[in-house]
Amino acid sequence: MTGPLSLPADGTLQILVICACLSLLMLGLTAVVQVRERQWPEARWAAIPLLLAVAAGLSARLGPGLHLACSVALVAITLRNAWEFRGVARRASALAAATWMVAMVAARLLMA
């Protein structure tokens, strides 16, 4: 199937795309939950991985070192959030970290 909303043909690239998208959705959900509950310090912590995801995306063309640093920092802070947050935000952060790590592995396999 081809079209603007179709997935790439390569299986590893499909995994990368699906995991990265799911991770971004979970990072956004975490931030929304914290803002909705008026947990302002936690909302700031939840926003940091979203900013790092944008930085990782923009830095992908600039150099692998900066891209990797942004991705590792994103995973570390998201794991911290999964440890500190409660309820839906905790589960969303844990899923975001896990799917981002799978996306990182898929990216390494594609670049090898």
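Here are some notes:
- Overall Cα dimensions of region 3-63 - principal axes, largest extent first, Å: 43, 26, 18
- Region 25-30 - phi-based ³J(HN,Hα) in whole Hz, Karplus 6.51/-1.76/1.60, Gly and Pro as x: 4, 5, 5, x, 4, 4
- Spacing of the two label points (7 Å from each Cα toward its C-beta) at L51 and R91, in nm: 2.9 nm
- Across the chain, the longest run free of exposed loop sites, meaning trypsin sites (Lys or Arg not before Pro) lying outside DSSP classes H, G, I, E and B with no more than 12 other Cβ atoms within 10 Å, spans 1-37.
- Projected label distance in nm at T12 and R36, using a 7 Å step from Cα toward the beta-carbon: 3.8 nm
- Normalised alpha carbon radius of gyration of region 39-102 [divisor 2.2 N^0.38 Å]: 1.11
- Cα-only Debye scattering, the chain: base-10 log of I(q)/I(0) at q = 0.11 Å⁻¹: -0.36
We did not get these values from a lab; they are worked out from the coordinates using the rules stated. Note that this is a predicted model, so its numbers are computed, not measured. Neighbour counts run over all protein chains shown; Cβ positions are idealised from the backbone, glycine included.
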